[in-house]
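Read the figures in this text as sums done on the coordinates, not as results from a lab. Predicted, not measured: the structure shown is a model, and the values here were computed from it. Cβ placement follows ideal geometry from the backbone for every residue including glycine, while neighbour counts extend to all protein chains displayed.
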Amino acid sequence: QQPVQSPQAVILREGEDAVINCSSSKALYSVHWYRQKHGEAPVFLMILLKGGEQKGHDKISASFNEKKQQSSLYLTASQLSYSGTYFCGTRMGSDKLIFGTGTRLQVFP
Amino acid sequence: DAGVIQSPRHEVTEMGQEVTLRCKPISGHNSLFWYRQTMMRGLELLIYFNNNVPIDDSGMPEDRFSAKMPNASFSTLKIQPSEPRDSAVYFCASTDQVNTEAFFGQGTRLTVV
């Protein structure tokens, strides 16, 4: 039931790109993306609602393929501030919000 | 609004003692979630309330865990008796509608010795 994320960990140099994937065995209504820095609470990045929808904010964007029950988070030209653990969350209607296994991203100078 | 407020921020207790974690959601939010985070299991959903009513508690690990939401502005998660394996960071989060972001509290780091 818990979404599965891949890869589990990513190491990047500043300026490099990364893709984080999230897949579910159950039908998805919406996908949430959050980032958590060490010792802090998860912080919201974006929500995707429709099949095929894409969203972007600055150099972080995401896509959602409802039919494939998958979502991907794209980080372009990574910055040191992008370091942290990324979680996808899935929610069906007003049902519970369940998070994926997490992807740890480290960006080095 | 001050955001979701959790207390205490840190709790150290001895095995067998009762532990109560508290959460004040953002005013106007009607959904509240309790999560437990560990290195091994990540962010696990323990229980979910909608309009103060527990909707799904299938994530509550054992009968030692209980949660209440007596009103829209307060919720508690109780562990009685506590065990060392309950050591984790416990987060509370709230949302106002189905398709809006969840706001997290700063968490309670629980250590059971």
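Miscellaneous remarks
- Of the residues B:15, B:33, B:80, the one whose Cα sits farthest toward the positive end of the charge dipole of chain B, with +1 on the Cβ of Lys and Arg and -1 on the Cβ of Asp and Glu, is B:15.
- Using every pair of separate Cα atoms, the Kirkwood estimate puts the hydrodynamic radius of chain A at 13.8 angstrom.
- Relative contact order for chain A, counting Cα pairs under 8 Å that sit 6 or more residues apart, in percent: 37
- If you take all other residues with their beta carbon under 9 Å from the beta carbon of residue B:67, and give Lys and Arg +1 and Asp and Glu -1, the sum is +1.
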